[in-house]
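Written out below as structure tokens is the structure these notes cover.
Just so it is clear, none of the values below were taken in a lab; they were calculated from the coordinates. Everything quoted here is computed from the prediction, not taken from an experiment. When we count neighbours, we look across all protein chains shown, and the Cβ atoms used for this are built from the backbone with ideal geometry, even at glycine.
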Amino acid sequence: MQLGCHVGVSGGVENAPPRAAEIKAACMQIFSKNQRQWQVKPLSAASIDGFRQGVARNGLGPTLIHCSYLLNLASPDEAMWEKSVLGLAVELERADQLGVPYITFHPGSPKDAGRDFGVKRVAEGVSKALELTAGGQAMVLLETNAGQGNQVGRTFDELAAMMAGVTHDKHRVGVCFDTCHVFVSGYPLHTAEGYQDTFDTFDNEVGLEHLKAFHLNDSLVAFDSKRDRHANIGEGHIGLEPFRWLVNDKRFAALPGYLETPVESEADYAKELALLRSLQT
């Protein structure tokens, strides 16, 4: 597995590659814009060139753009849904400008409209965003959800239904597997048998060929708690051993894994990256 982490873009996206290289990240996740605002400032030619050159110069693996937390493609509110679709399309456009292969987002909540409505709504939203960016290369990765509240995407079959419902450029849709989210949503990654069963279930319901990236997070809260609380690797309820299994799993040897653990600074990620690498055999 290619091991990386979330890297800040303060001062411009072009500053992210050298920051990743400084902490010995093999790949990185970034925000392409302020993740808590709808407003989007266009990327300058200098930022685009600087980012692309920085990725190449530092030999970084695939970058993943995490979309704004404001997006809710499961929303029953038409105005919010349309705004979210356009927001997703903007992220896809920015990814193509930067040469980034993947973007990921939280599917969202249908409020009281129900699971089936939410799943269908996400599929329709992703289809529309892909249609708006027809000819693009970047893929949309549905992120596995922790299951808080009414959010959809908690189970693998929900993700499979979303993917099946996409009607435009299906080949541009995959999954980002968040270890914390999967664990707290009820898949027992923390035991040897549960680890195997979890990925067997994923393969049967979604298909391992659609798994394109990992978010590497331990969990501050207990198994099946349906709460999204990340912990540092080996310091949470998942524990260290499942991460050893994961980083040595030959099925995922070529895939990127991005830390999103609670750190005070990017320098702290260097320690966790070293820890994960020490587990690789």
Lys/Arg Cβ at +1, Asp/Glu Cβ at -1, dipole of the chain taken about the Cα centre: which of Val152, Cys180, Tyr102 is farthest positive-ward? Tyr102
Inter-part gap, Cα centre of segment 128-160 to Cα centre of segment 1-36, in whole angstrom, is 22
Rounded to 5, percent antiparallel among DSSP beta bridges of segment 2-279: 5
Under 5 Å between amide H atoms, partner at least 5 residues away or on a different chain: which partners does Ala231 have, H built in plane at 1.01 Å? Asp218, Ser219, Leu220
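Please get the size of the charge dipole for segment 2-279, origin at its Cα centre, with Cβ charges of +1 on Lys and Arg and -1 on Asp and Glu, quoted in debye to the nearest 20.
It comes to approximately 580 debye.
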Where does each of 74-80, 20-26 land if you order them by average Cβ count within 10 Å, highest first? 20-26, 74-80
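Considering only Cα-Cα distances, which of the following residue pairs are longer than 29 Å: Lys128/Lys271; Lys111/Lys271; Lys33/Lys120; Lys83/Lys226?
Lys128/Lys271; Lys111/Lys271
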Classify segment 2-279 from the C-alpha gyration tensor, please: rounded if a/c falls under 1.5, else prolate or oblate depending on whether a/b exceeds b/c. oblate
Quickly estimate the mean residue ellipticity at 222 nm for the chain, helices only: each DSSP H run with n ≥ 4 gives -39500 (n - 2.57), and the total goes over all residues, rounded to 500. -12000 deg cm²/dmol
Can you sort His168, His237, His66 from fewest to most other Cβ atoms within 10 Å of each residue's own Cβ? His168, His237, His66
In debye, nearest 20, what is the charge dipole magnitude of segment 76-123 about its Cα centre with +1 on Lys and Arg Cβ and -1 on Asp and Glu Cβ, if you could check? 140
Taking Cα pairs under 8 Å and at least six residues apart, what relative contact order does segment 2-279 come out at, in percent? 17
Label segment 63-199 by shape, choosing from rounded, prolate and oblate, from the square roots a ≥ b ≥ c of the eigenvalues of the Cα gyration tensor; if a/c is under 1.5 it is rounded, and otherwise prolate applies when a/b is larger than b/c, oblate when it is not. oblate
For Met28, Met163, Met139, what's the fewest-to-most ordering of other Cβ within 10 Å of each Cβ? Met163, Met139, Met28
